[in-house]
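Shown next, in structure tokens, is the structure this report addresses.
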Amino acid sequence: MASNNDDKDTTRRVYLVITGKTSMLRDYTIREANRLGIVGFARNIGRGHKAMEVVAQGEREKISALLKF
């Protein structure tokens, strides 16, 4: 159900699948999310850790900061 204050809602959730060499990226993503106060998870998926799945939730500005790396 939508509220009348949708434009004031500052919480966002993102779901990402990142492909390529992700072994060090996972650790960085977790550290940066913790630093920003974002909740969620980052995990390697697939054989050989060639992909990473990320679910992150937090304030809009903090999610934007995480995505800029």
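General observations
- Taking residues in segment 6-32 that are closer than 17 Å to residue 69 by Cβ and at pLDDT 90 or above, and partners anywhere that are assigned to a loop (DSSP other than H, G, I, E, B) and not hydroxyl-bearing (Ser, Thr, Tyr), the pairs with Cβ atoms closer than 8 Å and at least 6 places apart or on different chains are 19/50; 28/69; 29/69; 32/69.
- Among residues of segment 30-69, those that are open to solvent by 90 Å² or more (accessible area, probe 1.4 Å), in a helix (DSSP H, G or I) and charged (D, E, K, R), counted: 5
- Of the residues making up segment 6-29, those that are within 12 Å of the chain's Cα centre (by Cα) and open to solvent by 60 Å² or more (accessible area, probe 1.4 Å) are 12, 13, 15, 17, 26, 28.
- Inter-residue pairs, beta-carbon under 8 Å, first among the polar types (S, T, N, Q) and in segment 55-69, second at pLDDT 95 or above and open to solvent by less than 70 Å² (accessible area, probe 1.4 Å), 6+ apart: 57/14; 57/38; 57/40; 57/63
The values are calculated or read from the model by the stated rules, or taken from the named source; none is laboratory data. In this text the structure is predicted, and so the values were computed from the model without any measurement. Counting neighbours? That spans all protein chains shown, and the Cβs are built from the backbone with ideal geometry, glycine included. Remember, those area values only see protein heavy atoms, side chains included, never the ligands or the DNA or RNA. Shrake-Rupley method; radii C 1.70, N 1.55, O 1.52, S 1.80 Å.
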